[in-house]
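For reference, the structure I am asking about is given below.
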Amino acid sequence: MKLELGNFYVKDINFGEKTAFKDEILSINKEEALEVVYKDEHITEADIKIVRPGDMVRLVPVKEAIEPRCRVDGGALFSGVTGKLIQAGDGKTNCLKDMSVLVVGKHWGGFQDGLIDMGGEGAKYTYFSSLKNVVLVADTDEEFEKREQQKKNHALRWAGMRLAEYLGKTVKALEPEDKEEYSLEPVTKRAKEVTELPSVVIVMQPQSQMEELGYNDLNYGWDTNRMLPTFMHPNEILDGAVISGSFMPSSSKWSTYDFQNFPLIKRLYKEHGKTINFLGVIMSNLNVALEQKERSALFVAQMAKSLGADAAVVTEEGYGNPDADYIGCIVALEDAGIKTVGVSNEATGRDGGSQPLVTLDPKADALVSTGNVSELITLPPMETVIGELEALARDGLSGGWADDEILGSSVKEDGSIIMENNSMFCGDQIAGWSPKTMKEF
């Protein structure tokens with residue numbers, strides 16, 4: 001496979017008479033864009049706003065982030081989701097960079113939703129505050145909303161993907177400012193100088209625990225709860241084959257934008273042929289029952305060993321119960337003679353004193369932490385709130401609460417907030433964005 005990503009860098013975004021990209025400016029015809037959103041009959045209310053880095057704007061509850069793109073040769077941006085199944089990862093895809101489409105709900109949040117501050121103290125906690133964002137603020141009919149949470153999230157997130165696809169088409173026929181090319185020779189047909197380098201595979205564990213379909217990530221439109229560990233070309237991940245549907249607490253999520261730009265994959269690509277032989281991706285899963293976890297770990301280890309991996313990087317989406325899959329997978333790989341590094345966040349409690357992962361093993365001796373989900377964050381009032389701030393407390397977003405014996409409500413009367421890092425949208429940046437480092441005491 002050979003994937004060519006054509007990059008168009010967005011200097012600014014505004015509303016105009018025509019949706020077009022010219023001179024690094026993305027102009028959006030709001031009325032036409034909203035027609036794309038309203039294609040789902042369950043969406044009863046929608047608006048589009050534009051926010052930029054440094055704006056004193058708070059977004060909550062944030063459900064999804066997507067990079068606008070288009071396939072130059074045609075076909076669905078998200079194979080099996082926004083259109084018919086096609087092979088992802090091979091061909092030309094044009095991308096609007098330095099921006100995203102954010103999906104924000106109204107009146108009803110959910111466990112997996114989060115918060116983004118575009119400016120002030122809170123901006124440092126999430127990658128998306130550094131982007132220019134087209135914000136879809138939408139709602140569904142009340143009864144559907146209350147009774148069908150997963151379908152509601154489906155309606156809003158799919159609207160965001162349609163909007164991203166619509167915006168991406170503005171650069172379909174244009175020449176990109178620069179290009180990124182990603183290609184790997186078949187594993188068994190690589191040059192001797194490449195095969196003599198240490199062979200490395202990345203093992204990704206997307207959210208797939210929920211037996212009730214509609215809460216899990218999708219692989220080519222297929223609910224990952226139904227998936228066994230699968231060997232994939234990294235280009236497929238970067239080209240829209242996998243999308244977010246995660247029911248994970250917000251700071252632990254991989255958004256669709258994360259999958260499209262997965263920094264860990266790009267870094268391994270950068271080293272391919274220089275310091276390592278990058279084999280590809282084993283897309284694994286997260287399970288509930290112990291036997292299921294053990295079975296998946298065996299699949300992963302056998303697959304990695306059969307590919308000839310000398311080393312592996314394992315990264316999980318989430319924490320808590322998934323930690324057992326994560327550590328089990330690392331141990332199985334180590335038992336197969338494959339040196340393994342793990343990348344995840346941790347849950348050490350508000351005081352930082354608890355065991356970081358639900359389960360640990362002496363063989364898991366090379367772990368990278370991207371942050372503590374339970375860390376308390378206090379933020380001052382924000383000039384503008386898009387969405388509904390009360391959702392942080394009322395609906396119990398993963399790091400918010402209505403009433404704490406000591407701290408009271410997450411949302412104070414003056415609009416200031418206190419919450420766990422859990423509520424920060426993709427705040428732990430497990431895909432590889434994380435700027436966090438160790439703190440000395």
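The values are calculated or read from the model by the stated rules, or taken from the named source; none is laboratory data. A quick note: this is a predicted structure, and the numbers were derived from the prediction, not measured. Reconstructed Cβ throughout: ideal geometry from the backbone, glycine too, with neighbour counts over all protein chains shown. Calculation scope for accessible area: heavy atoms of the full protein, side chains included, ligands and nucleic acids excluded. Shrake-Rupley method; radii C 1.70, N 1.55, O 1.52, S 1.80 Å.
For the stretch 39-80, which residues satisfy the criterion of being under 17 Å from the mean Cα position of the chain (by Cα), among the aliphatic types (A, V, I, L, M) and over 22 Å from M419 (Cβ atoms)?
If the condition is that a residue be under 17 Å from the mean Cα position of the chain (by Cα), among the aliphatic types (A, V, I, L, M) and over 22 Å from M419 (Cβ atoms), then I66, L77 are the ones that fit.
Looking only at the stretch 1-35, filter to residues that are of a type in the set (A, V, I, L, M, F, W, C), touching a Lys or Arg at 6+ places or on another chain (Cβ under 7 Å) and crowded, with 17+ Cβ neighbours inside 10 Å; which one of those is farthest from M232 (Cα to Cα)?
Kept after step one, since they are of a type in the set (A, V, I, L, M, F, W, C), are these residues of the stretch 1-35: 1, 3, 5, 8, 10, 13, 15, 20-21, 25-26, 28, 33-34.
From the residues that got through so far, the ones that are touching a Lys or Arg at 6+ places or on another chain (Cβ under 7 Å) too are 5, 8, 10, 13, 15, 25.
When the remaining residues are screened for being crowded, with 17+ Cβ neighbours inside 10 Å, the result is 5, 8, 10, 13.
Details: L5: 19, F8: 27, V10: 31, I13: 35 Å.
Taking the candidates together, the pick is I13.
Cβ-Cβ below 8 Å, separation at least six or inter-chain, first residue in the stretch 82-104 and under 16 Å from N7 (Cα atoms) and among the basic types (K, R), second open to solvent by 30 Å² or more (accessible area, probe 1.4 Å) and assigned to a loop (DSSP other than H, G, I, E, B): which pairs?
Listed pairs, sorted by first residue: K92/V72; K92/D73.
Identify all residues within the stretch 65-83 that are modelled with pLDDT of 95 or more and either in contact with a helix residue (DSSP H, G or I) (Cβ under 7 Å, 6 or more places away or on another chain) or of a type in the set (D, E, K, R) (or both); write none if there are none.
A65, I66, E67, P68, R69, C70, R71, L77, F78
What tally of residues in the stretch 276-292 results from selecting those that are surrounded by fewer than 21 Cβ atoms within 10 Å (Cβ to Cβ) and out of contact with any strand residue (DSSP E or B) (no Cβ under 7 Å at 6 or more places or on another chain)?
Qualifying residue count for the region: 5.
Follow-up question, since we're still on this one. Do any strands (runs of 3 or more DSSP E) lying entirely in the stretch 331-416 carry at least 3 residues that are at pLDDT 95 or above and open to solvent by less than 30 Å² (accessible area, probe 1.4 Å), and which ones are they?
Because the criterion is at least 3 residues that are at pLDDT 95 or above and open to solvent by less than 30 Å² (accessible area, probe 1.4 Å), the strands (runs of 3 or more DSSP E) in the stretch 331-416 that meet it are 339-346.
Residues of the stretch 390-418 being within 21 Å of the chain's Cα centre (by Cα) and aliphatic (A, V, I, L, M), which ones?
L392, L397
Residue pairs, Cβ under 6 Å, 6 or more apart or interchain, first in the stretch 336-353 and of a type in the set (K, R), second open to solvent by 30 Å² or more (accessible area, probe 1.4 Å). List them.
From residues that are of a type in the set (K, R), the pairs are R350/L376.
Which members of the stretch 266-300 meet the condition of being within 25 Å of E211 (Cβ to Cβ) and small (G, A, S)?
Correct list: S284, A289, S296, A297.
Can you tell me how many residues in the stretch 90-111 are surrounded by fewer than 24 Cβ atoms within 10 Å (Cβ to Cβ) and more than 24 Å from D239 (Cα to Cα)?
Total satisfying the criteria: 5.
Within the stretch 150-158, does at least one residue satisfy the condition of being within 17 Å of the chain's Cα centre (by Cα), in contact (Cβ under 8 Å) with a residue 24 or more places away in the chain, open to solvent by 20 Å² or more (accessible area, probe 1.4 Å) and at positive phi?
No - not one qualifying residue is present in the stretch 150-158.
Scan the strands (runs of 3 or more DSSP E) fully inside the stretch 175-277 and keep the ones with 2 or more residues being more than 26 Å from E64 (Cβ to Cβ).
So the answer is 178-183, 199-205.
Considering G320, G308, G273, which residue is surrounded by fewer than 19 Cβ atoms within 10 Å (Cβ to Cβ), under 23 Å from the mean Cα position of the chain (by Cα) and in contact (Cβ under 8 Å) with a residue 12 or more places away in the chain?
None of the others qualify; the one that does is G320.
Restricting the search to the stretch 238-258, which residues are under 8 Å from the mean Cα position of the chain (by Cα) and farther than 13 Å from L77 by Cα?
Across the stretch 238-258, the qualifying residues are S244, K253, W254, S255, D258.
Considering only the stretch 35-59, state which residues are modelled with pLDDT of 95 or more and either acidic (D, E) or at positive phi (or both).
E35, D47, G54, D55
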